Amino acid sequence: MSSDEASDAGWLTWPNLITVIRLALLPLFSGCSSAPITGRRRVALAALGATDWIDGFVARRWHQVSNVGKILDPVADRVLVISGLLAVAAAAGVPCGSR
């Protein structure tokens, strides 16, 4: 199966489930925003990053690429990146230069 073809499995696939779990973990990551960067936020961020890799691996390995996954996964990636950037900004994780 080429990477351009979607499986006949529909939208109920393991990679789509992993992506939904990744989105469900977003409140956990956001809730840890007040925690120090060495604490729970690092673990939550690592889990979110790992699930991004895992769902792609599972989709390719077991040929479970779906049209829903082709849309859901990039949307989840962008939502999580934006929320991560907002969390870093809210925690003043990037110092501003002083004059």
Unique residue being assigned to a loop (DSSP other than H, G, I, E, B), open to solvent by 70 Å² or more (accessible area, probe 1.4 Å) and at pLDDT 80 or above when the list is Leu17, Leu12: Leu12
Can you tell me how many residues in region 28-66 are aliphatic (A, V, I, L, M), at pLDDT 85 or above and surrounded by 16 or more Cβ atoms within 10 Å (Cβ to Cβ)? 4
Of the residues in region 71-92, those that are part of a helix (DSSP H, G or I) and surrounded by 13 or more Cβ atoms within 10 Å (Cβ to Cβ) come to Leu72, Asp73, Ala76, Asp77, Val79, Leu80, Ser83, Gly84, Ala87, Val88
Output the qualifying pairs, or none if there are none: Cβ atoms under 6 angstrom, residues six or more apart or on different chains, first residue in region 46-66 and free of Cβ contacts under 8 Å to residues at least 40 places away in the same chain and more than 28 Å from Leu85 (Cβ to Cβ), second residue open to solvent by 20 Å² or more (accessible area, probe 1.4 Å) and of a type in the set (Lys, Arg). none
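The values are calculated or read from the model by the stated rules, or taken from the named source; none is laboratory data. It should be emphasised that the depicted structure is a prediction, and the values quoted were computed from it without experimental measurement. As a convention, Cβ positions derive from the backbone with ideal geometry for all residues, glycine included, and neighbour counts pool all protein chains shown. Calculation scope for accessible area: heavy atoms of the full protein, side chains included, ligands and nucleic acids excluded. Shrake-Rupley method; radii C 1.70, N 1.55, O 1.52, S 1.80 Å.
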